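These notes are about the structure you will find just below.
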Amino acid sequence: MTETKTSENRPSEPRNGVIGRPIDRIDGPLKVTGDATYAYENALDGTAYGYILGAAVAKGRIAEIDTAEAERAPAVLLVMTHRNAPAQPDFGPAVTPTVPEVFTRARPALNSERVRYYDEPVALVVAETFEAARAAAGLIKVRYDEAPGVYDLPGHKADAYAPKRTNAGFETDSVVGDFESAFAAAPVKIDATYRTPFEHHNPMEPHATLAAWSGNELTIHTSAQTLANFRAGVASTLRIPPERVRIVSPFIGGGFGSKLIAHADTILAALAAQFLQRPVKIALTRQQMFANAGHRAEMIQQVRLGADTDGRLTGIAHDVWSATSSFEEYCEQTAVFARSLYAAPDRVTRHRLVPLDINRGEWMRSPGEAPGMLAFECAMDELAERLGLDPIELRIRNEPAQDPERGVPFSTRNLVACMEEGARRFGWVRREPTPGRTREGRKLIGYGMAAAIRPNYIGAATARVAIDRDGRVTARLDMTDIGTGTYTILTQIAAESLGVPISSVKVELGDSRFPRTAGSGGSWGAASAGSALHNACNALKQRILEAAQSSEASPLRGANATEASFADSEVRVGQQSAGLADLIRRIAPAGFEAEGSVAPGATTESYKAYSQHSYGAHFAEVAVDCDTGEIRMRRMLAVMGAGRILNAKTARSQIIGGMTWGIGAALMEQTVLDPRYGHFVNHDLAEYHVPINGDVPEMEVVFLEEHDDKANPLGAKGLGELGVCGAGAAVANAIYNATGVRVREFPITLDKVL
Ligand code: MOS
C-alpha cells in the first residue's frame, strides 16, 4: 500500500496558517454560559404567547369548531382558526425565483377547513402567558368529518408514480446501457430488497419564532438554517415584499434539514403579531415536531448487482419506492449516489413515489445517501460474500476511472486511499470472513465496512468584510451556525487571508440584513460561505493595496503590488513592509470594506467538467449477545477525503455526529405510522430512540490531506453529512459478520437477529 498522508484530527501542533487548526468554537463560551440568545429567549415588551392546536384526524375536514370557551378563558387574546385567519395563498407563488420554489413558496396555516395530516394546525391560541394559551387550547371543541386515508407504503406500492425530479434537482431515472440483459447474463448476482422506516429529526432546539411588527416591517427571530428561504417563504405567505421581512437567527440549537424552510410556528407568529399588533412567540412542542417539521420518508429499495466471477460489476440497478405526501411532493434523491460510486457498463437508477395522507417529507441529514447507502452498501457486502471476496477488494475492483454515468473526470476522489488507510488503522486483516465464527464468551464479534460518498454542492453566497483603523476585521453575511462551527471557520478564513490574529476578527451571522448566502444545509455551508468570504478578503486586500500604492501618505507608495502579502498584521510589498493598522490609519482612517461572492456550483464550468464529491470509508466493530441478541457497538473508524479541512476539531465533530446518526439508522431510529389513524405513534424522545452516550463506542476520525482546486477557491468540500453516508451500512455489515444474520429491514433491533 502506498503511504498516505493524513491529518490526525486530534488537537495537534498548529501547522502553518490558521485555516485547518483545531481551534475551539468562537461561540462556545457564549453557549455554555447562557449568553447566546436563542429565538424563543428573545424578550420584547408586550410579548404574547401562542399555542398551536393540532388536528385529531389525519384526513378530512373540520365540520365544526367551537372556540367560545377558549376565547373566554383567562388572559386569552386571540383564538385563530380557518374562520378568522388572514387570507393566504395556497402554495405559491414563490417570490424568489433564483432558488427552487420548494424553499420559497407560500406555506399557509389555518387557511382551510380541510385536514391533510394528523396534528396539522387547526387553531392558534394567543394569551398573556404560555400556560394560559395552552390551557385555553384544551377548551376548543372540534368535530371532524373524517375521510379514509392511505398510510401504508408497501400496500400501495402499485400506486407509485415517477416524479419529474428528485430533491436537489436530479433526474428521477438514469439509464446507461441495458441493465436487464447484463443482469440476466451475470454469473454472480444479488437481488436484495431493503426497507427503511420513517425517521424524524429532533434538533435540541425545536422550531420556535418570535415575530414583531413595526409598521409595515416584520422582524422574525427564529431558528433557521437558511435565512433567505425563511424570508421568501414568509413574504410569499403574507403576500408582502421580502424586503419588509427581516429574519434574525444568530444562534441555532441544531438543524438537520427541517430548518431549511419556515413552518407553522413562523407563519402563525407573524400572522398573530400582525392581528394583535403585539410581538408573538410560538414554539412547536417536541411532540408537534413529529407531525409538523418534516421527516425522512419510509422507503423500499431494491438493489440488483450483477458481476463476473472476478468481482467486476457488469450491472447495477437501484430502485427506490418512497412514501410522499398527497398534497406536496418530496422525492429524496436516494439512488443518485449510485450513479457515481462504482464502475459498471450497464446501469439503472429509478425513484418512485407513493402518496400517503401524511405531512410532506423533508430534508433530513444526508438526504439520499443516508437511506440509499444503508441499502446499497449492504448489497455490496452481500455480493462480496457471494464472490468470496473481501468487501474492500470488491470495491477496489470496481473503482471507476471517471464518473461512470456522466463520463467526466473526478475532481478529487480518494475512496480507495480511504479504504486502505482505514483497513490498516482498524486492523481489518483480523476480520474473519466467515460470519459467526468470532466469539468472546457469549458475544459474537463482527467487523463491517462501507464506502461513503456525498456530492459537493456550492450555493450562491456573498460576504462583506471591513477593516478599521485599528486593524479590526468585521465579516458580515446572512450565513448561519447550526452548531457546526461556522463562526469559527469563517474567523479562521478571514484571519488567514488578511494575516491578522483571530482575536482581531469578528464574524457576524444570522441576520437577513447582511449579504445573502445559501445558509447551512446539504453540507454546502462551509465551502459556499467560506469561499464568498475568501473572495471578499481578496477584494479587501486589493483595495488596501491600491490605496497603499497611490496614497500620498502611504509608506508603500509606488510599490509593486503584485508581490504583496498580508501576514503577521503587516503588509509586505517586495522588500518594504508596513504595519496593517498603521497603514490604514495613514491612508484611509475610515477603513476599507469589500464584498466577495461565489456562484452556485451547478452553474459553473468546473461542475460541468468534473464530478465533485467527498468520499470516505467507515469501519465498525460490534458485539452481539448470542442469547439475547443485544447489539453493542465496540469501535468505529471513519477515514475521509473531503478536500481541505477548515478546522480539524469542528470537522471531526461533524463526522462523529454523522457516525452517531449511522448507529441510529442501523439500530434504533424508526417512527411508526399507525395504519389505522395515520399518526406517528412514537412521537417523543422517550419512544423515538436515538443513540445516547452509552450506545456510542470509541470513534476515530482521520482526514486524508486533500485540496480540491476544482471545487472552489478554498479547496474545501462538504463534509457535514459525509459522516452519515455509509456509516449505518458498516454497522449492519458488522452485525452480519458477527452473526450470519442479514437483516434487510431497518432498524436492526435485537428481535431481528435472534
Ligand atoms: Mo441538511 S438535510 O440541511 O442537514
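Step by step: first the residues of the stretch 560-578, then only those that are outside any strand (DSSP E or B) and acidic (D, E), then the one that is farthest from S550 (Cα to Cα). Which residue is that? The selected residue is D568. The set of residues from the stretch 153-176 being exposed (fewer than 14 other Cβ atoms within 10 Å of the Cβ) and assigned to a loop (DSSP other than H, G, I, E, B) comprises A162, K164. Sub-8 Å Cβ pairs linking a first residue in the stretch 363-383 that is in contact (Cβ under 8 Å) with a residue 12 or more places away in the chain to a second residue that is of a type in the set (D, E) and near the ligand (Cβ under 9 Å from one of its atoms), at least 6 apart or interchain, are R365/E721; S366/E721; E369/E721; A370/E721, ordered by first then second residue.
Does the stretch 521-531 include one or more residues that are touching a Ser or Thr at 6+ places or on another chain (Cβ under 7 Å) and away from the ligand (no atom under 16 Å from the Cβ)? No, the stretch 521-531 contains no residue that is touching a Ser or Thr at 6+ places or on another chain (Cβ under 7 Å) and away from the ligand (no atom under 16 Å from the Cβ). Tell me, yes or no, whether the stretch 547-567 has at least one residue that is away from the ligand (no atom under 16 Å from the Cβ), closer than 27 Å to S366 by Cα and crowded, with 24+ Cβ neighbours inside 10 Å. Among the residues of the stretch 547-567, not one is away from the ligand (no atom under 16 Å from the Cβ), closer than 27 Å to S366 by Cα and crowded, with 24+ Cβ neighbours inside 10 Å, which makes the answer no. Residues of the stretch 386-416 that are buried (at least 21 other Cβ atoms within 10 Å of the Cβ) and without any contact (Cβ under 8 Å) to a residue 40 or more places away in the chain: none at all.
Tell me yes or no: at least one residue of the stretch 368-375 is in a strand (DSSP E or B) and away from the ligand (no atom under 16 Å from the Cβ). Checked the stretch 368-375: no residue is in a strand (DSSP E or B) and away from the ligand (no atom under 16 Å from the Cβ). For the stretch 492-504, taking the residues that are surrounded by fewer than 24 Cβ atoms within 10 Å (Cβ to Cβ), touching a residue at least 24 places away in the same chain (Cβ under 8 Å) and under 22 Å from A36 (Cα atoms), the one that is nearest to the ligand (Cβ to nearest atom) is identified as I502. Restricting the stretch 205-228 to residues that are among the polar types (S, T, N, Q) and crowded, with 24+ Cβ neighbours inside 10 Å leaves a set whose member that is nearest to the ligand (Cβ to nearest atom) is Q225.
G715: more than 16 Å from the ligand (Cβ to nearest atom), farther than 23 Å from P206 by Cα and without any contact (Cβ under 8 Å) to a residue 40 or more places away in the chain, yes or no? Talk me through it step by step, then tell me what you get.
Values: more than 16 Å from the ligand (Cβ to nearest atom): yes; farther than 23 Å from P206 by Cα: yes; without any contact (Cβ under 8 Å) to a residue 40 or more places away in the chain: no.
No; evaluated as a whole, the condition is false for this residue.
Tallying residues that are buried (at least 24 other Cβ atoms within 10 Å of the Cβ) and either among the small types (G, A, S) or within 14 Å of the ligand (Cβ to nearest atom) (or both) within the stretch 229-255 yields 8.
Scanning the stretch 256-282 for residues that are more than 16 Å from the ligand (Cβ to nearest atom) and either surrounded by fewer than 24 Cβ atoms within 10 Å (Cβ to Cβ) or in a helix (DSSP H, G or I) (or both) yields a count of 16. Pairing residues of the stretch 523-538 that are modelled with pLDDT of 95 or more with residues that are within 16 Å of the ligand (Cβ to nearest atom) and among the charged types (D, E, K, R), at Cβ distances under 8 Å and at least 6 apart in sequence or on separate chains, gives S523/R454; S523/E721; A527/K717.
When the stretch 732-746 is filtered for residues that are outside any helix (DSSP H, G or I), touching a helix residue (DSSP H, G or I) at 6+ places or on another chain (Cβ under 8 Å) and surrounded by fewer than 23 Cβ atoms within 10 Å (Cβ to Cβ), the ones remaining, listed by number, are V741, R742, V743, R744, E745.
The values are calculated or read from the model by the stated rules, or taken from the named source; none is laboratory data. All figures in this text were calculated on a predicted structure; none of them were measured in a lab. Note that each Cβ is placed from the backbone with ideal geometry, even for glycine, and that neighbours are counted across all protein chains shown.
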